[in-house]
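Read through the structure below, which is laid out as structure tokens, and then see the notes.
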Amino acid sequence: MHQAAAVFLLAFSAATQALDNGLMRTPPMGWLAWERFRCDIDCDNDPQNCINEVLFRDMADRLAEDGWRELGYVYVNIDDCWSSKTRDAKGRLQPDPKRFPGGIAKLARYVHDRGLKLGIYGDMGTYTCAGYPGTTLDTIETDAQTFAEWGIDMLKLDGCFSNSSVQEQGYPLMSKALNATDRPIGYSCSWPCYQGGLPPKVNYTILGEICNLWRNYGDIEDSWDSVLSIVDWFTDHQDIIQPAAGPGHWNDPDMLIIGDYGLSMDQSRSQMALWAIMAAPLFMSSDLRTINSGARAILQNKAAIAINQDPLGIQGRRLIKEKSGIDVFWRPLSNQASALVFFSRRTDMPYRYHTSLKALNYTKGTYMVYDVFSQKVQPMLKDTTDFVVSINPTGVVMWYVFPAAGWQAEAESVHFTEILKRMMLYQREEYADSLTEL
Ligand SMILES: *[C@@H]1O[C@H](CO)[C@@H](O)[C@H](O)[C@H]1NC(C)=O
Ligand SMILES: *[C@@H]1O[C@H](CO)[C@@H](O)[C@H](O)[C@H]1NC(C)=O
Ligand SMILES: *[C@@H]1O[C@H](CO)[C@@H](O)[C@H](O)[C@H]1NC(C)=O
Ligand SMILES: *[C@@H]1O[C@H](CO)[C@@H](O)[C@H](O)[C@H]1NC(C)=O
């Protein structure tokens, strides 16, 4: 597959310039407060939904007890509105005393005790986006040190209330300051989002050297329109965006809104599939205390997660944009495998899309196909075999595809556990452990 080779070379050249903190060799996974809980600080009247230490302890409990952690969802991330409106006497950031009476260090211990990691939020500028104290050029080292002392594992650094010259200095300086703390702290940079996400203003080589992930584009909202606009921006600019990703440095199309209010089940599967194929960080932003079982099943789909977490770390691309409203995405994976997403932009009825693997540039051969969401092994396919997939409106069909060589002829009788084992072959040990529970 010459296309795979070309993509691989691009990804490889980017990977040689990764931020050298050893973190996030696969896209980070976890939970982030912002999309679902925003800046609700009214704990008197809305105690269940306000930004306080209870919310983060609750989410840590859910991640640890409801099967999320074993699948890789390990970050519990605080967003804006956690801090006091003033710095302390020594000029350090401090949490709001009423909403975080135990302090952040204690919260970090709570999270760590459950085998999870704690992320926090800052802003390279005079104020955070919601008006809390920002990190200015002269407080970068202090803030990095404070976060490290608290036991923070990840920092999202936003970019409100600053200009491009402050950002150009500040984002690399924070990377240096985090490194100087000696504590491995994943670093998420909102910088490119504030510079329009594209060259010449954005230099993805520099981003890959200083950040583990970065927000290229605007905030996600709880709607299908929002998901679609993000997917369109990422794919329209994929020639620029896609080669920038690789182990340790990822494009971030923002949080998963699966389990909130804006997406149907088909649209939820679409977000999961497209985020997996884009090698996107998987940060859920829903209420894990009350999430429904359908959304949970999509977010906990082992095959989708394994595709997202593929160790080669090559971001997928849109191969085809059909006039019929069908888009086909492809991502090369380790172990000679690949993933396909057939995505329907239609809004009428399930669409029967005809194609063949050869038409999708697969090389000559016979392939095994596992359907990620129906969790069924499909009949084997020759590259030349014409096939039909039925794709629901605003929905997807997602496939994991690999050469059939070595698998018995009665492919359909292969249990999906066997396929998952194959997918996990080169994966983290947690996955292997979680498989034994199947
Ligand atoms: C700091 O950077 C050096 C050199 O790039 C690297 O070896 C080290 O692991 C980094 N340390 C942390 C804590 O990120
Ligand atoms: C950017 O902001 C800094 C800090 O507020 C200020 O000193 C500088 O003059 C600004 N630069 C431009 C080009 O506006
Ligand atoms: C991006 O930054 C790198 C490293 O500093 C530099 O070599 C390269 O020329 C820059 N690219 C562009 C397009 O400015
Ligand atoms: C397949 O490869 C050919 C030759 O490089 C190219 O013209 C075509 O666009 C590719 N098709 C797809 C679906 O990527």
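Quick look at the values:
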| read-out | value |
| --- | --- |
| Amide H partners (placed H, <5 Å) of Leu319, local residues excluded | Val328, Phe329, Trp330 |
| Surface share of carbon and sulfur [accessible, 1.4 angstrom probe, percent] for the range 18-308 | 48 percent |
| Solvent-accessible area per residue for the range 96-135 (1.4 angstrom probe, square angstrom) | 40 Å² |
| Amide H partners (placed H, <5 Å) of Arg25, local residues excluded | Gly248 |
| The chain: angle of helix 53-65 to the longest principal axis, Cα-based, in degrees nearest 10 | 30 degrees |
| Cβ crowding within 10 Å averaged over residues, with 26-32, 273-279, 54-60 ranked highest first | 273-279, 26-32, 54-60 |
| Accessible surface of Asp219 - all protein chains present, 1.4 Å probe, nearest 10 Å² | 80 Å² |
| Largest to smallest accessible area among Lys376, Lys201 [probe 1.4 Å] | Lys201, Lys376 |
| Under 24 Å from the Cα of Lys156 - lysines, other chains or at least 8 residues apart | Lys85, Lys90, Lys98, Lys106, Lys117, Lys176, Lys201 |
| The chain: most fluctuating residue of Asp20, Asp386, Asp222 per GNM, C-alpha cutoff 10 Å | Asp386 |
| CD proxy at 222 nm, helix term only [per DSSP H run n ≥ 4: -39500 (n - 2.57); per residue of the chain; nearest 500] | -9000 deg cm²/dmol |
| Given 12 as the ceiling on other Cβ atoms within 10 Å, longest exposed-site-free region of the chain for GluC sites (Glu not before Pro) in DSSP loops | 1-409 |
| Contact order normalised by residue count of the range 338-408, Cα under 8 Å, 6+ apart, percent | 47 percent |
| Carbon + sulfur, % of accessible area of the range 317-435 - ligands and nucleic acids excluded, 1.4 Å | 49 percent |
| Surface per residue (accessible, 1.4 Å probe) for the range 317-435, Å² | 47 Å² |
| Two-site FRET efficiency, Asn163 against Ser334, from Cβ-Cβ distance with R₀ of 51 Å, rounded to 0.05 | 0.75 |
| Formal net charge of residues neighbouring Asp260 (Cβ-Cβ distance under 11 Å; K, R +1; D, E -1) | -3 |
| Linear extension gain, Ala89 paired with Glu418, 0.36 nm per residue minus alpha-carbon span | 112.5 nm |
| Euclidean distance between Cα centres, the range 98-122 to the range 222-299, Å | 26 Å |
| Rg and Dmax [Cα atoms of the range 115-242; Å; Rg one decimal, Dmax integer] | 14.9, 42 |
| DSSP beta bridges in the chain [antiparallel fraction, %, rounded to 5] | 60 percent |
| Dipole moment magnitude, nearest 20 debye, the range 317-435 about Cα centre, only Lys, Arg, Asp, Glu C-beta charged | 560 debye |
| Pair Glu221, Ser293: separation of 7 Å Cα→Cβ label points (nm) | 3.4 nm |
| Tally of Lys pairs whose C-alpha atoms are under 20 Å apart, taken over the range 317-435, 8 or more apart or cross-chain | 5 |
| Residue with peak Gaussian network fluctuation, the chain [Cα springs, cutoff 10 Å], from Arg92, Arg69, Arg317 | Arg92 |
| Cα shape, the chain, gyration tensor, a/c 1.5 rule | prolate |
| Max mean-square fluctuation residue, GNM over the chain, Cα-Cα springs under 10 Å, options Gln169, Gln315, Gln145 | Gln169 |
| Free-standing Cys residues across the chain, given no other cysteine C-beta under 4.7 angstrom | Cys193 |
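The values are calculated or read from the model by the stated rules, or taken from the named source; none is laboratory data. Because the structure is a prediction, the values reported are computed rather than measured. Cβ sites come from the backbone with ideal geometry, for glycine too, and all protein chains shown count toward neighbours. In case anyone asks, the SASA skips ligands and DNA or RNA and just uses the protein heavy atoms, side chains included. Shrake-Rupley method; radii C 1.70, N 1.55, O 1.52, S 1.80 Å.
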